[in-house]
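Below you'll find the structure, written out as C-alpha cells, and then a few comments.
Here, each number is a calculation from the coordinates, and none is a lab measurement. For clarity, every value in this text was computed on a predicted model and none was experimentally measured. FYI the Cβ positions are ideal-geometry reconstructions off the backbone, even for glycines, and counts take in every protein chain you see.
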Amino acid sequence: MRIEKVNSSIKRELANIILLGEVRDPRISFVTILNVDVSKDLQHARVKFSVLADTPEKIKAAKDGFDSCRGYIRKLISQRVPLRYTPEFQFIYDKGIKHAADVDKVLEEIKKLKVAPEN
C-alpha cells in the first residue's frame, strides 16, 4: 500500500514539475509521465514517459533532457514528497502508446479495405 502511495505522489509531482515548466529544458516540454515504479527499498524509481511527437530524435532528446536534469528533479521531488530518502530516477521511454496508435492505424486501414456486402 505504501509503495502505491509513493508511486502516485512522485508521478503527480513529476507531472506538475513538467507542466509548470519548473525544469527549463525544452527537450522535456512535450513529455507525459505515464508511470512511476519505486523499488521496495525506496532507493530507485523507474519513470516511464511518452513524447508527443514519437520520432526517434524527439525520444532521444527527451531522454537526454531527463538525464541532464535528473539531479534537479530529484531535489524538487525531495522538497515536495515527504520521504526519508528520495529515490534515484531512471527515465524510460514507454512504447505502449505508440504501439497502440500503430495498431489503431492498421485497423482503420483494414476497415477501409473491407468490401461492402452486396444486397
Listed residue pairs exceeding 20 Å between alpha carbons, taken from 11/105; 5/48; 5/98; 60/105; 11/40; 5/63: 11/105; 5/98; 60/105; 5/63
Amide proton proximity set for residue 34, modelled H, under 5 Å, gap of 5+: 48, 49, 50
Helix axis angle, 56-68 relative to the chain longest principal axis, alpha carbon, degrees: 10
Nearest-20 debye value, the chain charge dipole, Cβ charges on Lys, Arg, Asp, Glu: 420
The chain: angle of helix 2-19 to the longest principal axis, Cα-based, in degrees nearest 10: 80
Cα-only Debye scattering, segment 2-94: base-10 log of I(q)/I(0) at q = 0.19 Å⁻¹: -0.82
Length-normalised contact order for the chain - Cα pairs under 8 Å, 6+ apart - percent: 26
Ranking of 93, 85, 72 by count of other Cβ atoms within 10 Å, fewest first: 85, 72, 93
Counting DSSP beta bridges with both ends in the chain, the antiparallel % (nearest 5): 55
Selection from 90, 59, 79, by position along the positive dipole direction of segment 2-94 (Cβ): 79
